[in-house]
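Report on one structure; see the data block that follows.
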């Protein structure tokens, strides 16, 4: 039996700028409890420890809050493990503008991401899509 929904799936390009899927961000209490061999990177800007894993071809970013001031701390309190979906774009500023035209609002302006080679990231919110991270390629 085939899934006809896949056959009629419409492709959308909200952010443009050569946008492609990069990773899914998950909140965790302790990266090393889940993956003792992980070597998390501390990101003082985001106030998190970060480690990446590959789960059957999908990159997962594990995010552990450094303290209660971390943006993801409340995710764990509220049992919200899925933080965001990240897309890599060739021009983050243009991608933000394109997202705003589609109803996204900025919740964090572009800043360097320690765990991603200091490439710029930003976070946007949309009531239907939730939180999206954009990563400068």
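The values are calculated or read from the model by the stated rules, or taken from the named source; none is laboratory data. Owing to the predicted nature of the structure, the values given are computational and were not obtained by experimental measurement. Heads up, the Cβs are rebuilt from the backbone with ideal geometry, glycines too, and the neighbour counts pull from every protein chain shown.
For every residue, the table says whether it meets (1) touching a strand residue (DSSP E or B) at 6+ places or on another chain (Cβ under 7 Å); (2) more than 15 Å from residue 122 (Cα to Cα); (3) at pLDDT 95 or above.
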residue	(1), (2), (3)
8	no, yes, no
11	no, yes, no
26	yes, yes, yes
45	yes, no, no
49	yes, yes, yes
72	yes, no, no
80	yes, yes, no
85	yes, no, yes
88	yes, no, yes
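So which residues in segment 70-92 are in contact (Cβ under 8 Å) with a residue 60 or more places away in the chain and either assigned to a strand (DSSP E or B) or loosely packed, with under 13 Cβ neighbours inside 10 Å (or both)?
If the condition is that a residue be in contact (Cβ under 8 Å) with a residue 60 or more places away in the chain and either assigned to a strand (DSSP E or B) or loosely packed, with under 13 Cβ neighbours inside 10 Å (or both), then 84, 85, 86, 87, 88, 89 are the ones that fit.
Each row is one residue, and each column tells you yes or no for (1) part of a strand (DSSP E or B); (2) on the phi < 0 side of the Ramachandran plot; (3) within 14 Å of the chain's Cα centre (by Cα).
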{"site": "13", "(1), (2), (3)": "no, yes, no"}
{"site": "17", "(1), (2), (3)": "no, no, no"}
{"site": "23", "(1), (2), (3)": "yes, yes, yes"}
{"site": "26", "(1), (2), (3)": "yes, yes, yes"}
{"site": "29", "(1), (2), (3)": "no, yes, no"}
{"site": "32", "(1), (2), (3)": "no, yes, no"}
{"site": "38", "(1), (2), (3)": "no, yes, no"}
{"site": "45", "(1), (2), (3)": "no, yes, no"}
{"site": "50", "(1), (2), (3)": "yes, yes, yes"}
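Would you check if residue 125 is buried (at least 18 other Cβ atoms within 10 Å of the Cβ) and under 28 Å from residue 14 (Cα atoms)? Spell out the reasoning first.
Working: buried (at least 18 other Cβ atoms within 10 Å of the Cβ): no; under 28 Å from residue 14 (Cα atoms): yes.
The answer is no for residue 125.
Scan segment 93-108 for residues that are touching a strand residue (DSSP E or B) at 6+ places or on another chain (Cβ under 7 Å) and surrounded by 15 or more Cβ atoms within 10 Å (Cβ to Cβ) and jot them down.
The first filter runs over segment 93-108 and keeps only residues touching a strand residue (DSSP E or B) at 6+ places or on another chain (Cβ under 7 Å), leaving 95-96, 99, 103-108.
If the condition is that a residue be touching a strand residue (DSSP E or B) at 6+ places or on another chain (Cβ under 7 Å) and surrounded by 15 or more Cβ atoms within 10 Å (Cβ to Cβ), then 95, 96, 99, 104, 108 are the ones that fit.
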